[in-house]
Amino acid sequence: MIQTSVLEAALEVAVSTGADYAEIFAEDTVRGLLQFVDDSVKDTMSEHSVGVGVRVFKGVQSAYACSSGLSPESVMAAAKKAAAMIAGKGKGSVSPLISSTCMNISPAARIGSTVPLSDKVALAKRAYRAAREYSSEISQANIRLLDYDRNILIATSEGLHVTDRQVRSRIAINAIASAGNVNQVGYNAPGASKGYEFFDEIDLEAVAKDAARQAVTMLHADYCPAGRMPVAIDNGFGGVIFHEACGHSLEAQAVSRGMSEFAGKLGQRVASEKVTAIDDGTIPGAWGSVNIDDEGTPNRRRVLIDKGILKSYLVDKLNGRRMGLPTTASSRRQDYTFAPTSRMSNTFLAAGTDSDEDIIRSIDFGLYAKKMGGGSVNPVTGEFNFAVNEGYLVRNGQICEPVRGASLIGKGSEVIQNIDMVGQNLRREQGVCGASSGSVPTDVGQPMIRVSEITVGGRK
């Protein structure tokens, strides 16, 4: 991608004003999109992003500069800009670059950019028709087919020189059910760190029909009552609550600044003994997996909370310096225009020993949150508010009528203390997480869990 001699020269420039560490991140990425609406192609897009970023450290001070293109001039320009932002004397050292390779845990057979448009249209049409044919109340289906082919190079003043290729494919299905002026939306969006062979591994029609089922079910639901009650949160995307309400508070970017409710609590009990939380970027083919993080560190499995005890934060190199902790290979960025920082990959609550049936039977009156939606969270306090896209009332241990308009309101550190039952059916679903280093693909997941008491927003 870039000649070694150019990289070494640029690193010398980057440390010329006194930096004690310099890093070059180069990227060549192709992104594809096909949007299918009203039984026809609405839009297609192919985006090619090529550029380089240079970051320097002096102690815990950092500077970052980027430039489009991968020419020697672009690389050197970024190095000069980064160096100019470090006011210092002397010159840092640069070790000779030693090329290395990383084990590819997610090989891809059919890269999206090589798949004919006709094949992509056929896939989208299958999903569209399955959703529309589910019910006459489905008024519209919107299909988005996405693929990514990301090639990166990382070189550092410590002698690291590594390249990686990251391929992803995903389909997002929105189904809209309508009755008069009332509309409800169902959504599914499976994806993987694979090529288009992924779509041969899933039941595409079943995924589309399930999105339609969600929409039709919620169309005929009454509004959820509000109040404090026990809640069973189903597997899969239910894990978004831990991701948002707790996961971000375990990222070193927040912890190192004291802007996390979990700062200074390593080794302490922070959750119910039922809770074991893991961030694992090494799951083959998983949407959030990478061979190396965006600082070039080989990925790993990170146990964040073990039976309620806080064991680890998610640490990148810069915030690791601030905290006196080594990196946990948790540094990620959207692309070369962003400096990296600590982020999640595939984050989930581990399976427990309770059965789903026992969890539901344990609730006299409460809510079964089958499908979670988006929400908001304050990482400093952990306070959150999440929508329930598909919910049902539970009475006398039985799942009863569907309810809409429900939300879960609480505080991350309190919710994980109130998890008193954890099921066995761990499942992950895919999302995109936005933060200071841009948007990155992440998995969230969990088995069914029971929160003994939480505030449910709805209508009195």
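The values are calculated or read from the model by the stated rules, or taken from the named source; none is laboratory data. Bear in mind the structure is a predicted one, so any value in this text is a computation, not a measurement. Neighbour counts are summed over all protein chains in view; Cβ atoms, including those assigned to glycine, are modelled from backbone coordinates with ideal geometry.
Remarks
Matching residues to (1) out of contact with any Asp or Glu (no Cβ under 8 Å at 6 or more places or on another chain); (2) part of a strand (DSSP E or B); (3) farther than 30 Å from Ala130 by Cα; (4) at pLDDT 95 or above:
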| site | (1), (2), (3), (4) |
| --- | --- |
| Glu12 | yes, no, yes, yes |
| Thr29 | no, yes, yes, yes |
| Gly32 | no, yes, no, yes |
| Lys42 | yes, yes, no, yes |
| Ala65 | yes, yes, yes, yes |
| Ser74 | yes, no, yes, yes |
| Ala79 | yes, no, yes, yes |
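- From Ala177, Ala206, Ala212, residue being assigned to a strand (DSSP E or B) and of a type outside the set (Ser, Thr, Tyr): Ala177
- Matching residues in region 91-115 - criterion: being surrounded by fewer than 15 Cβ atoms within 10 Å (Cβ to Cβ) and part of a loop (DSSP other than H, G, I, E, B): Lys91, Ser93, Ser95, Pro96, Thr101, Met103, Asn104, Pro107, Ala109
Let's see how each residue does on (1) among the β-branched types (Val, Ile, Thr); (2) at pLDDT 95 or above:
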residue	(1), (2)
Ser260	no, no
Gln268	no, yes
Thr276	yes, yes
Asp280	no, yes
Pro284	no, yes
Asn291	no, yes
Thr297	yes, yes
Arg301	no, yes
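- Candidates Ala387, Ala369, Ala329: the one that is part of a loop (DSSP other than H, G, I, E, B) and out of contact with any His (no Cβ under 9 Å at 6 or more places or on another chain) is Ala329.
- Looking across region 266-280, the residues that are within 30 Å of Tyr21 (Cα to Cα) and not in a loop (DSSP other than H, G, I, E, B) come down to Asp279, Asp280.
- Lone qualifier among Arg395, Arg450 - being at pLDDT 95 or above, crowded, with 22+ Cβ neighbours inside 10 Å and not assigned by TED's automatic domain parsing to the domain that holds Thr29: Arg450
- Restricting attention to region 158-183 and to residues that are surrounded by fewer than 23 Cβ atoms within 10 Å (Cβ to Cβ) and closer than 22 Å to Asn235 by Cα, the residue that is farthest from the chain's Cα centre (by Cα) turns out to be Asn174.
- Out of Asp119, Asp149, sole residue that is closer than 15 Å to Glu197 by Cα and assigned to a helix (DSSP H, G or I): Asp119
- Candidate set: region 355-381, residues that are of a type in the set (D, E, K, R) and out of contact with any helix residue (DSSP H, G or I) (no Cβ under 9 Å at 6 or more places or on another chain); chosen: the one nearest to Val240 (Cα to Cα): Asp356
- Any chance Gln430 is under 16 Å from Gly236 (Cβ atoms) and surrounded by fewer than 16 Cβ atoms within 10 Å (Cβ to Cβ): no
- When region 155-207 is filtered for residues that are out of contact with any strand residue (DSSP E or B) (no Cβ under 9 Å at 6 or more places or on another chain) and not hydrophobic (A, V, I, L, M, F, W, C), the ones remaining, listed by number, are Gly180, Asn181, Asp200, Asp203, Glu205.
- Residue in region 367-388 that is in the same structural domain as Arg301 (by TED's automatic domain parsing) and under 23 Å from Ser106 (Cβ atoms) present: no
- For Ala82, the requirement of being free of Cβ contacts under 8 Å to residues at least 40 places away in the same chain and either under 20 Å from Gln334 (Cα atoms) or among the acidic types (Asp, Glu) (or both) is not met.
- Sole residue being surrounded by 24 or more Cβ atoms within 10 Å (Cβ to Cβ), within 20 Å of the chain's Cα centre (by Cα) and either closer than 19 Å to Ser106 by Cα or not hydroxyl-bearing (Ser, Thr, Tyr) (or both), chosen from Ala245, Ala208, Ala232, Ala212: Ala245
- Of all residues making up region 353-371, the number that are surrounded by 21 or more Cβ atoms within 10 Å (Cβ to Cβ) and not aromatic (Phe, Trp, Tyr): 7
- Residue check for Gly438: at positive phi, buried (at least 19 other Cβ atoms within 10 Å of the Cβ) and within 26 Å of the chain's Cα centre (by Cα): no
- Check on Gly258, surrounded by fewer than 21 Cβ atoms within 10 Å (Cβ to Cβ) and in contact (Cβ under 8 Å) with a residue 24 or more places away in the chain: no
- Taking region 380-402 as the range and being of a type outside the set (Gly, Ala, Ser), in contact with an Asp or Glu (Cβ under 8 Å, 6 or more places away or on another chain) and under 17 Å from Gly239 (Cβ atoms) as the test, the residues that pass are Phe384, Phe386.
- Of all residues in region 281-317 being touching an Asp or Glu at 6+ places or on another chain (Cβ under 9 Å) and not in a loop (DSSP other than H, G, I, E, B), the one that is nearest to Phe199 (Cα to Cα): Ile292
- Scanning region 270-301 for residues that are basic (Lys, Arg) and more than 16 Å from Gly247 (Cα to Cα) returns Lys274, Arg300.
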